[in-house]
Every structure is written in structure tokens, then in C-alpha cells.
1. Do you know which residues across the stretch 50-93 are of a type in the set (D, E, K, R) and either part of a helix (DSSP H, G or I) or under 15 Å from Leu133 (Cβ atoms) (or both)?
2. Do any residues in the stretch 135-147 that are under 12 Å from Tyr112 (Cα atoms) have Cβ atoms under 7 Å from those of residues that are among the β-branched types (Val, Ile, Thr), where the two are at least six apart or on different chains, and which pairs are they?
3. Being without any contact (Cβ under 8 Å) to a residue 40 or more places away in the chain and among the acidic types (Asp, Glu) is the filter; apply it to the stretch 241-295 and report the residue that is surrounded by the most Cβ atoms within 10 Å (Cβ to Cβ).
4. Would you be able to say whether some residue in the stretch 60-69 is of a type in the set (Val, Ile, Thr) and either surrounded by fewer than 19 Cβ atoms within 10 Å (Cβ to Cβ) or more than 27 Å from Phe35 (Cα to Cα) (or both)?
5. Does Asp86 meet the test of being surrounded by fewer than 19 Cβ atoms within 10 Å (Cβ to Cβ), modelled with pLDDT of 95 or more and within 28 Å of Ala185 (Cα to Cα)?
6. How many residues does the stretch 86-126 hold that are without any contact (Cβ under 8 Å) to a residue 24 or more places away in the chain and in contact with a Cys (Cβ under 8 Å, 6 or more places away or on another chain)?
7. Residues in the stretch 94-102: is at least one outside any loop (DSSP other than H, G, I, E, B), crowded, with 16+ Cβ neighbours inside 10 Å, on the phi < 0 side of the Ramachandran plot and of a type in the set (A, V, I, L, M, F, W, C)?
8. Could you tell me whether any residue of the stretch 210-229 is surrounded by 23 or more Cβ atoms within 10 Å (Cβ to Cβ), within 19 Å of the chain's Cα centre (by Cα) and within 23 Å of Met146 (Cα to Cα)?
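The values are calculated or read from the model by the stated rules, or taken from the named source; none is laboratory data. Values in this document were obtained by computation on a predicted structure and should not be read as measured data. Glycine gets a Cβ as well: all are built from the backbone with ideal geometry, and neighbour counts include every protein chain shown.
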Amino acid sequence: MSLRKKFTGTGIAIVTPFQADGFIDWDSYKKLIEFWIAGKVEYFVVLGTTGESATVHGEEKQKVFSFVKDTVAGRVPLIAGIGGYDTQEVIHGFKTFKLDGYDAILSVSPYYNKPNQEGLFQHYKALNDATPLPIMMYNVPGRTGMNVTADTQLRIAHECKNIFATKEASGNFEQINQIIKYKPADFMVVSGDDPITLQMIAAGAEGLVSVVANAYPKDYSDMVRLCLAGKFTEAQKLHYKYTDIIASMFAEGSPSGVKAYLSEMGFCQNTFRLPVWKVSEKHHQKIRELMKGVK
């Protein structure tokens, strides 16, 4: 199966469930995986931002990669989240993590140290030259503090052939339009923003890596498939069904919001690793009310 076929549609940036003591809740993890697969999403992103990757390291990170691979057992394609602000450390991860059963790597642009555009390009060029798997780059300036501009992403797309896609979460349609218009034909643009996925697919994006689909996999993947089929009038019904829910998932931070939903659904505990924390009780009550309106 081609990369385009594997990663067209809805991927989930899957959460990592924790027990009250902070250890990973493997039983809940398995239950969630079965729920997501039953929801007919196209693929999973393991240990992306929503998976609280910043607090899962080393041997434990390998255990997560292996557990998800073994539980999925080839039923959906998998992307491993391996990124960071130290290029050599990311490359070390490429070399040391066992990624058999994975189809690609998601690598977020460097955060905190705010490299200039040439530094961002050189970072991805180094990853391109060292990677064992195709890479989906990830531009999320709201988290990293530095936008990977359209010019830089296009330079990466044209010069770094092991980087096959961008998860674009700038929210800037001038930038999104430029990337889609001038990218190579085989380079994929994927939405990194649930609220504007319909609009991005209308502009030429090929799907989504979703947060909301953790809790509502079937409806949201159906919405994306309708968009990809050009059935936007039908897709709008599902799009607007979830606009308030999506807003609530991010109002007090993510994955705080989506785990509140999953805990209410009985899939996992509403627990995190610091510094991530649960939403306020006032907001959690709003979430309970919003859930009543979804059937």
C-alpha cells in the first residue's frame, strides 16, 4: 500500500492513559485501541503531543511503541512520534527505537530554542538523511514558538525526499494555500487542526491527524471521508455537530480536554503527568452538558 493510501483520511493522535499512580494503564490502552479501530479511522499517531510524549522517555517509550504495535497487529498503519529540539537526540532515537511494524515517523519542528528558517531546514535535512522510515513533519507554532514558513516547508518538500508529508497546524490559510499550490505532486498536506479540517480539505489537504477522534472516531472519520469525496454539504452536518465540543477540548489545554471526555465515557482515568493537569470542575461540567447533546 502506498504512503498516500495509508495516510489519506483520519489519523488519531492517540492519548496515553495513566493510572492514578502515574504509571501507564495498559488495560485502558487496549480498550481504547479497540474502540478507535471499531470507529474505522485510517491510522494512529503514537506518542505525539496528545500522547503526552514530553513525559514518556527511553525504555518506557519503547514499551508504548511495542505495545501499540502488538495490540493493533497490522489492522491500521502506525506513525511513531519522535521529535525534539536537539537534532542529534532525535537522530539517536531514530537509531535506537525498534520501529518494526511502524510505517512512518511524525517529527515536530524544534521547540524552545527557536531556530531561524535555515536552522529549521537543516534540522529536517539531517533527519531526512538519517531516518529509517518516511517522515511526516509537524508545524505547530502555537506549541513550538516558531512557524515553519511556507517557503521552508516547500524547500523541505522538494529537497528532502524521505519527508513525504506535513502535518500543518499554523491555522494560517495564506500559508496553507501556498504549500498546497506549490508542493510536489507526491507530497501530502495533512490538517493538524480539527476545527478547520473541512476547510483545509476543500483547499486540497488529504486528511487530518485528529484529537477529537480520540473520543468520537466514527463521526469524525466519516466527516473527513465525506469531505474527501467532495460531499461537503453532508460533511457540514458532522462538522458543526462537533464545533463546540472541539472548542471545549482545547479551552483549558490538550490533552486535558479530550481525556475529560474519555473519562466520562469510561475509557480511561482523568489522569496526567505533570505539568499537564485536568480541566477545572466548572469546565468539566460544561463538557458533561455538551456530551448530552451528541447522539
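1. Glu59, Glu60, Lys61, Lys63, Lys69, Asp70, Glu89
2. Listed pairs, sorted by first residue: Arg143/Thr49; Thr144/Val108.
3. Restricting to residues being without any contact (Cβ under 8 Å) to a residue 40 or more places away in the chain and among the acidic types (Asp, Glu), the top hit is Glu252.
4. So far as the stretch 60-69 goes, no, none of its residues is of a type in the set (Val, Ile, Thr) and either surrounded by fewer than 19 Cβ atoms within 10 Å (Cβ to Cβ) or more than 27 Å from Phe35 (Cα to Cα) (or both).
5. In short, no.
6. 0
7. Yes, the stretch 94-102 contains a residue that is outside any loop (DSSP other than H, G, I, E, B), crowded, with 16+ Cβ neighbours inside 10 Å, on the phi < 0 side of the Ramachandran plot and of a type in the set (A, V, I, L, M, F, W, C).
8. yes
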